[in-house]
Amino acid sequence: MKNEKGFTLIEMMIVLLIISVLLIITIPNIAKHNASINSKGCEAYVKMVEAQVQAYKMDHNQYPANIEELISEGYLKSGKTACSEGTTIVIGANGEVTKTESGS
């Protein structure tokens, strides 16, 4: 008999079993934290918009009327006016940035 080196079918099946178990453990945890990740991303975007509202106020001595004005003036590069969780970002008359439900 020749001494051939390689993996047996049993060894390959054990490796596939281990990989499957790791996937079964990690995928639900990632899906569970997806809402938390989106919420934190939206909060960070609101903070950035607040900073740009203050920059606009310093340059123009008034608050912007809405987020579209910040975009058109070049204070925000993206045309994003809402978060992925279904909330819209609104700028109040006093420059306060808030999140509101899109249906409201």
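The values are calculated or read from the model by the stated rules, or taken from the named source; none is laboratory data. Because the structure is a prediction, the values reported are computed rather than measured. When we count neighbours, we look across all protein chains shown, and the Cβ atoms used for this are built from the backbone with ideal geometry, even at glycine.
Couple of notes before you dig in:
- Leu76 vs. criteria assigned to a loop (DSSP other than H, G, I, E, B), surrounded by 12 or more Cβ atoms within 10 Å (Cβ to Cβ) and not hydroxyl-bearing (Ser, Thr, Tyr): yes
- Members of the range 4-40 that are assigned to a helix (DSSP H, G or I), within 14 Å of the chain's Cα centre (by Cα) and modelled with pLDDT under 85: Ile30, Ala31, Asn34, Ala35, Ser36, Ile37, Asn38, Ser39
- For the range 46-73, taking the residues that are polar (S, T, N, Q) and farther than 13 Å from Thr98 by Cα, the one that is surrounded by the most Cβ atoms within 10 Å (Cβ to Cβ) is identified as Gln52.
- Pair list, Cβ under 7 Å, 6 or more apart: the range 86-103 residue within 16 Å of Met48 (Cα to Cα) and outside any strand (DSSP E or B), other residue modelled with pLDDT of 85 or more and not polar (S, T, N, Q): Gly95/Val53; Gly95/Lys57; Gly95/Tyr63
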